Amino acid sequence: MARFLALGLLVLPIIEIAIFIKVGQTIGLFPTLALIIGAALLGGFLLRQQGLSVLTQLRGNVSAGRMPGRTIADAMMIGVAAIFLVLPGFLSDVVALALLLPPVRSWIYAALASRVTVVDTTTSYRRQDPSAGRIEGAIDLDEDDYRPR
């Protein structure tokens, strides 16, 4: 995994520079810079809108007592999109803008959720009863039930 990350860190700037050069040759310097700035502004607007929406959904899920797995996944993907928006370049902006679209996030979530098994647990409480001298909900072992390793 570390090799792929290191390779990605080497290859991504090379691809971004090649795309900059090609777009700059095709449409010129100032339109290329305007596209980069426009993508950053649009991405910032979408990031704010989608981020606030996800926070509202997260609060609703927690208040209703539902598992916020989908909402947390959306928040993570929006965070990755924010990182890609900070990086200058067309490829990273396209990936970031795609991650900010709810249908794309739904597709990614569905693809990842099909490979993951979620186990829902419930919490239990322990109550100490001073008159009985034991803790309710605890496992009580006798001397012959326990042996040290």
Requested in this report: Sticking with the crude label model, points 7 Å out along Cα→Cβ, report the distance from I27 to E143 in nm, one decimal please.
Outcome: 8.4
Query - Whole-Hz ³J(HN,Hα) from phi, Karplus 6.51 cos²θ - 1.76 cosθ + 1.60, for segment 41-56, glycine and proline x - result: 5, 4, x, x, 5, 5, 4, 5, 5, 5, x, 5, 5, 5, 5, 5
Report task. Starting from the Cα of I17, step 7 Å along the direction of its Cβ; do the same at S106; then give the gap between the two resulting points in nm. Result -> 4.1
Report summary line: Under the Karplus relation with 6.51, -1.76 and 1.60 and θ = phi - 60°, whole-Hz ³J(HN,Hα) for segment 97-113, x at Gly and Pro, equal 5, 5, 5, 7, 8, x, x, 5, 4, 5, 5, 5, 4, 5, 5, 6, 5
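Working out 0.36 nm times the residue gap between V116 and R48, then minus their Cα-Cα distance, what length gain in nm do you get to one decimal?
Numbers: separation 68, 0.36 × 68 = 24.48 nm, distance 2.91 nm.
Fully extending the segment from V116 to R48 adds 21.6 nm.
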Query raised in the report: At q = 0.16, 0.20 Å⁻¹, what base-10 log of I(q)/I(0) does the Debye formula yield for segment 4-80 when every alpha carbon is treated as an equal point scatterer in vacuo?
Result: -0.79, -0.91
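All of the numbers you see were taken from the coordinates with simple rules; none came from a lab. Model, not experiment: these values are computed from the prediction. In this analysis, Cβ positions are derived from the backbone assuming ideal geometry, glycine residues included, and neighbour counts consider all displayed protein chains.
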